[in-house]
């Protein structure tokens, strides 16, 4: 129907993530709700679903090898954008590594043998939220006073084990 | 065919990375995969370009491969640095009580381990004045601060 429809899809591959980033920079990041992980993830998930539905619908309407390949390009371009965004978003949150860099930049504030109480507090704060998050995501459950993995949690753990095996990781966490 | 080529290339990158990570020479795991992944990625692009020319199939095959590589890097860096990931790995061997978790994930010990890892990766160094940033650590810190400002993360120890 439309010759070279894949050219339009290529443009979409670049425009869709760009539009999402512009909306985030101009509006979403100023809203307090988008300082939390779940809304950020949902905004990317819904954008990716919309983008994929549009691309695949267009591809199947003009069913050629080129248009299907172009639709896949659009979907995976958005996937790469979202994965990169979410990695950078979580990397820049409060963490041991970031706080260690802050203290290391203030000479004399950090000694290996005696980490400051404030740094240890990072661990306490993260620990408190960690089990609750894993519970709310149905990755762990309580059986009496013992914490176990759910089947979903076990799949996640096995995936991580496989990745750790490939990368020959001897120490994690 | 382009999809199969992407998946085969990614599988090859995985196994080559596994082999390279088992070499006796020291090296950064992420950098090793960048090198291995880039070489195989370039080969994939060449094969697709020769088969399809400048076409949607070339772009699709390349992006599928790039996405799978990024996902792999994300998962193994998560396994390296995430305490939650470490907890899941330990729980996969059997249940733990809250007390056992508190003991194993003692905050002071975890801070010391993280400091050791950051010294080993050259981001910080131990001097007579205590621990200080290296040039590399300074650059990373600058980058992280830029991200924090963009994403408007406000929580801090300060």
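Just so it is clear, none of the values below were taken in a lab; they were calculated from the coordinates. Everything numeric in this text was worked out from a predicted model, so none of it was measured. FYI the Cβ positions are ideal-geometry reconstructions off the backbone, even for glycines, and counts take in every protein chain you see.
See the values below:
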{"quantity": "Efficiency of FRET between residue A:45 and residue B:23 - r from beta-carbon atoms, R0 45 angstrom, step 0.05", "calculated": "0.70"}
{"quantity": "Relative contact order of region B:1-117, defined on C-alpha pairs under 8 angstrom at six or more residues apart (%)", "calculated": "28"}
{"quantity": "Peptide A:48-54, shielding by other chains (average Cβ, 10 Å cutoff)", "calculated": "0"}
{"quantity": "Radius of gyration and maximum dimension Dmax of chain A, Cα, Å", "calculated": "21.7, 71"}
{"quantity": "Normalised contact order of region A:66-154, rounded percent, pairs of Cα under 8 Å and 6 or more residues apart", "calculated": "14"}
{"quantity": "log10 of Debye I(q)/I(0), alpha-carbon scatterers only, for the protein assembly as shown at 0.09 Å⁻¹", "calculated": "-0.58"}
{"quantity": "222 nm mean residue ellipticity, helices alone, for chain A (DSSP H n ≥ 4; -39,500 (n - 2.57); rounded to 500)", "calculated": "-23500 deg cm²/dmol"}
{"quantity": "Nearest-ten-degree value, helix B:135-151 long axis tilted from longest Cα axis of chain B", "calculated": "80"}
{"quantity": "Percent RCO, i.e. relative contact order, over region A:6-147, from Cα pairs under 8 Å lying at least 6 residues apart", "calculated": "23"}
{"quantity": "10 Å Cβ neighbours from other chains, averaged over peptide B:106-119", "calculated": "6"}
{"quantity": "Contour minus Cα-Cα distance for residue B:103 and residue B:129 (0.36 nm per residue)", "calculated": "6.2 nm"}
{"quantity": "Under the Debye formula (equal points on every Cα, no solvent term), log10 I(q)/I(0) of chain B at q = 0.10, 0.12 Å⁻¹", "calculated": "-0.58, -0.80"}
{"quantity": "Test item: A:140-151 mean partner chain Cβ contacts at 10 Å", "calculated": "4"}
{"quantity": "Förster-model FRET efficiency, 22 Å R0, residue A:158 and residue B:8, C-beta, rounded to 0.05", "calculated": "0.40"}
{"quantity": "Efficiency of FRET between residue B:35 and residue B:149 - r from beta-carbon atoms, R0 41 angstrom, step 0.05", "calculated": "0.80"}
